[in-house]
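The values are calculated or read from the model by the stated rules, or taken from the named source; none is laboratory data. Since the structure is predicted, the reported quantities are computational estimates derived from the model, not experimental observations. Because the Cβ atoms are built from the backbone with ideal geometry, glycine has one as well, and the counts that use them run over all protein chains shown. We work out accessible area using only protein heavy atoms, side chains counted, and drop any ligands, DNA or RNA first. Shrake-Rupley method; radii C 1.70, N 1.55, O 1.52, S 1.80 Å.
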Amino acid sequence: MRRRTWALIALVAAVLLAGGAGTAWWAAHRLTGDVHRGDALPFTFTSESTSEPTSGGKDGGHGGAFGPAWPVYGRTMTRTRDAADLTAVRPPYHVVWRDRTGFLEYPPSYRGGVLYLTSNTGFATARKATSGKILWSRKIGQYVGGPGVVTGEPAVVGQRVYLGARDRVVYALGARTGHVAWKRRLPDEMESSPAYGDGRLYMSDLGGHVRALDLKTGRILWTFTAAGAVKHGPALAGGRLYFGDYAGVMYCVDAGSGRLVWRTATSGLASGFTSGQFYSTPAVAYGRVYIGSTDHKVYAFQAGSGEIAWTYTMPHWAYGSPAVWNGRVYATSYDGTFAALSARTGRVLWQHVLPYSTTSSPTVIGRLVYVADLGASRKSHGHLYAYNPRSGRLVWRFNDGKYSTVIAADGRLIVAGASHLYSLRPRHAPP
């Protein structure tokens, strides 16, 4: 009898323990509701492009005979990935040239008829946009951890090309020859794409820092320390830098001094008491900052205060960097979801599920929005798709692509595939 009593007590205790563990797991992992304050908070909508091309040198960013520059990741310092003004770049396309490059995580930058590209082979190269001919190639340092010494898209400013690498060095290369104008060793690895403005270069690193360096000399002007690694490059708008970190905190700092303006933590907004990680590059438009997180949510922060205007929960990680155009935010989820959201409220306007997973960052070029999937396996190439940005109708596809895939250069679509770079000329354009 006593054994039965003890057995019953043990069973009850086990049930209670299991129930408590289950409750704790649910509290820590439950998905919470989204924030819906988009209509209540300020929103400055403009029907024009959300950004204008950044000056890239003698052509002023507007290109002349070579077409508008694409001097930084996301095309402009606001990182909106908006090139809707380039309406002549549209399918059907003809492949003019292709060349093997090694693994590409970012597309090239472009100015004055030249593409500037980095790959995990450890080289930075300059190529003619018309032919793909290599004008110069520069080996970038050594990385003891393996391949991938250079992963970010370089920034082209004046007669120099700037990039940070996983060998912990920031490089300033001559745009014409690739010679090292200066280099600055830092304590931590870098995988991000630089931003620039007012004579300063802005670099983030995996040690959780964002720094301002003098463009001419590489001298460090200020350093800001975040709560976690800063994987992506910052966005720059109105004299302020915007970026998120791996601790799930979003920041706004003064670009001139590095002084903190606001910080907003996202712990507990997606599940339990934890936060996701901000991997993607933010985009700034309409007085808001848009960014995806590995907690499955796309966030819209008020640029002036850091208040959260809205969130939208995707089926999986919101890994890619969003594009912003005409009151819409285009975002991806790792499961393959590609969605168009209202920039004001976060309401879904349309969405599709791509054939395979995606970490792609959508890009608007002309009258289409481009996005890619990862393909069937890690070793396979992905696919590039072009959709009508208003209706979501599929217009065109290309059998290569992978990550952050396209820019426009010299009236052509430049596609960064899994290990090849392509130049596609619109069939209606003269040869």
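When restricted to residues that are of a type outside the set (Val, Ile, Thr) and open to solvent by 10 Å² or more (accessible area, probe 1.4 Å), segment 286-301 contains 4. Among the conditions (1) open to solvent by 20 Å² or more (accessible area, probe 1.4 Å); (2) in a loop (DSSP other than H, G, I, E, B); (3) modelled with pLDDT of 95 or more, the only one that residue 96 does not satisfy is (2).
Of the listed requirements (1) within 20 Å of residue 318 (Cβ to Cβ); (2) assigned to a strand (DSSP E or B), residue 334 misses just one: (2).
Report yes if some residue within segment 325-335 is within 18 Å of residue 92 (Cα to Cα), of a type outside the set (Val, Ile, Thr), crowded, with 17+ Cβ neighbours inside 10 Å and touching a strand residue (DSSP E or B) at 6+ places or on another chain (Cβ under 6 Å); otherwise report no. Looking through segment 325-335, none of the residues is within 18 Å of residue 92 (Cα to Cα), of a type outside the set (Val, Ile, Thr), crowded, with 17+ Cβ neighbours inside 10 Å and touching a strand residue (DSSP E or B) at 6+ places or on another chain (Cβ under 6 Å).
Taking segment 374-410 as the range and being of a type in the set (Gly, Ala, Ser), open to solvent by less than 40 Å² (accessible area, probe 1.4 Å) and in a loop (DSSP other than H, G, I, E, B) as the test, the residues that pass are 375, 380, 382, 392, 401, 404.
Looking across segment 274-285 at every residue that is in contact with a Lys or Arg (Cβ under 6 Å, 6 or more places away or on another chain) and at pLDDT 95 or above, the one that is surrounded by the most Cβ atoms within 10 Å (Cβ to Cβ) is identified as 283. Tell me yes or no: at least one residue of segment 179-190 is outside any strand (DSSP E or B), open to solvent by 40 Å² or more (accessible area, probe 1.4 Å) and modelled with pLDDT of 95 or more. So far as segment 179-190 goes, yes, one or more of its residues are outside any strand (DSSP E or B), open to solvent by 40 Å² or more (accessible area, probe 1.4 Å) and modelled with pLDDT of 95 or more.
Once segment 219-236 is narrowed to residues that are more than 16 Å from the chain's Cα centre (by Cα) and surrounded by 18 or more Cβ atoms within 10 Å (Cβ to Cβ), the residue that is farthest from residue 302 (Cα to Cα) is 224. Could you please let me know if residue 231 is at pLDDT 95 or above and assigned to a loop (DSSP other than H, G, I, E, B)? It is false that residue 231 is at pLDDT 95 or above and assigned to a loop (DSSP other than H, G, I, E, B). Quick one: in segment 296-331, which of the residues that are part of a loop (DSSP other than H, G, I, E, B) and aromatic (Phe, Trp, Tyr) is farthest from the chain's Cα centre (by Cα)? Result: 317. When residues in segment 252-295 are screened for being in contact with a Gly (Cβ under 9 Å, 6 or more places away or on another chain), not in a strand (DSSP E or B) and not polar (S, T, N, Q), 11 of them pass. Given the condition under 26 Å from residue 67 (Cβ atoms) and among the aromatic types (Phe, Trp, Tyr), answer yes or no: does some residue in segment 385-392 qualify? Checked segment 385-392: at least one residue is under 26 Å from residue 67 (Cβ atoms) and among the aromatic types (Phe, Trp, Tyr).
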